[in-house]
Amino acid sequence: MAKTVGDSGRGRSQAVHRALKRAILDQALSPGAKLPEDSIGERLGVSRTLVREALVRLSEEGLVDLRPNKGATVARPTLEEGRNLFLTRAALERLVVETLAGRLTQDQIETLSAHIGAEDEAKKEHATSIRLAGEFHTLLAQMTSNASLIRYVNELVARSSLILALYGRPHSSDCAVSEHQELLDSLIAGKAEEASKLMTHHLDSITTRALLPREDDRNIKDVLSAYAAAEGLA
């Protein structure tokens with residue numbers, strides 16, 4: 001069946017959203033960076049309307065700040081907001097591991113093991129390691145099949161990436177890989193209480209690994225080139 005104009009428009013809108021979100025989570029677009037609709041639309045080869053739709057959606061996900069008459073910027077949460085966010089994450093993710101302990105299928109175990117392997121390979125690439133570390137947590141949430149839990153964990157993990165972009169120490173990826181492996185081992189063994197404690201310790205540790213934020217003056221069109229190509233945009 002041929003795609004309708006509406007289908008095509010929705011597809012491009014989703015592609016714009018994915019491209020911008022990936023650029024933010026990869027730290028190619030830094031916290032506080034301006035997001036001018038005209039420059040983004042020109043780089044991605046789409047209308048300002050589609051860009052605006054994507055920015056509104058990213059705002060709802062906590063990744064973009066929209067201010068009247070001031071335009072959009074990548075969200076720049078404070079460290080205090082980060083601490084509160086991780087407290088909330090810890091409560092939800094304890095529920096995730098309590099749900100999964102002793103219940104992972106062999107396919108799920110293999111998926112998580114492969115992901116940890118990818119994290120290990122990327123641990124020298126700070127931005128990539130942060131994104132992969134977050135994806136490990138969203139993978140766990142998805143495996144619960146609890147729609148509400150999946151939604152909230154996904155949103156909190158995405159916003160956590162901004163916290164780590166601002167405050168995460170470069171060596172934190174080494175810790176994340178080993179902690180994720182310990183967590184997986186406890187889930188496989190069905191040790192719910194141990195998994196819950198490991199998750200709490202893991203998320204608590206992240207909030208203590210902090211550096212001063214980095215400044216970034218790169219041009220947004222240059223930054224988005226690779227993401228436009230990946231999504232089949234201009």
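The values are calculated or read from the model by the stated rules, or taken from the named source; none is laboratory data. Source: prediction; values computed, not measured. Cβ placement follows ideal geometry from the backbone for every residue including glycine, while neighbour counts extend to all protein chains displayed. We work out accessible area using only protein heavy atoms, side chains counted, and drop any ligands, DNA or RNA first. Shrake-Rupley method; radii C 1.70, N 1.55, O 1.52, S 1.80 Å.
Scanning the range 25-62 for residues that are of a type in the set (S, T, N, Q) and over 24 Å from F136 (Cβ atoms) gives S39, S47, T49, S59. So how many residues does the range 166-220 have that are assigned to a loop (DSSP other than H, G, I, E, B) and at pLDDT 70 or above? Within the range 166-220, residues that are assigned to a loop (DSSP other than H, G, I, E, B) and at pLDDT 70 or above number 4.
Each row is one residue, and each column tells you yes or no for (1) open to solvent by less than 20 Å² (accessible area, probe 1.4 Å); (2) assigned to a helix (DSSP H, G or I); (3) under 20 Å from A176 (Cβ atoms).
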position: L104; (1), (2), (3): no, no, yes
position: I109; (1), (2), (3): no, yes, yes
position: A114; (1), (2), (3): no, yes, yes
position: T128; (1), (2), (3): no, yes, yes
position: A141; (1), (2), (3): yes, yes, yes
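Under the condition of being more than 14 Å from L224 (Cβ to Cβ), over 14 Å from the mean Cα position of the chain (by Cα) and among the aliphatic types (A, V, I, L, M), which residue from the range 26-71 is surrounded by the most Cβ atoms within 10 Å (Cβ to Cβ)? If we take residues in the range 26-71 being more than 14 Å from L224 (Cβ to Cβ), over 14 Å from the mean Cα position of the chain (by Cα) and among the aliphatic types (A, V, I, L, M), then L66 is surrounded by the most Cβ atoms within 10 Å (Cβ to Cβ).
Conditions (1) acidic (D, E); (2) free of Cβ contacts under 8 Å to residues at least 24 places away in the same chain, marked per residue:
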| position | (1), (2) |
| --- | --- |
| V56 | no, yes |
| S59 | no, yes |
| D65 | yes, yes |
| F86 | no, no |
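Condition test on A122, is it within 21 Å of G82 (Cβ to Cβ), in contact (Cβ under 8 Å) with a residue 24 or more places away in the chain, open to solvent by less than 20 Å² (accessible area, probe 1.4 Å) and not hydroxyl-bearing (S, T, Y)? Answer is no for this residue.
Just one of (1) farther than 30 Å from R12 by Cβ; (2) modelled with pLDDT of 95 or more fails for E119. It is (2). Selection within the range 143-167: residues that are open to solvent by less than 30 Å² (accessible area, probe 1.4 Å) and hydroxyl-bearing (S, T, Y). The member of this set that is nearest to L183 (Cα to Cα) is T144.
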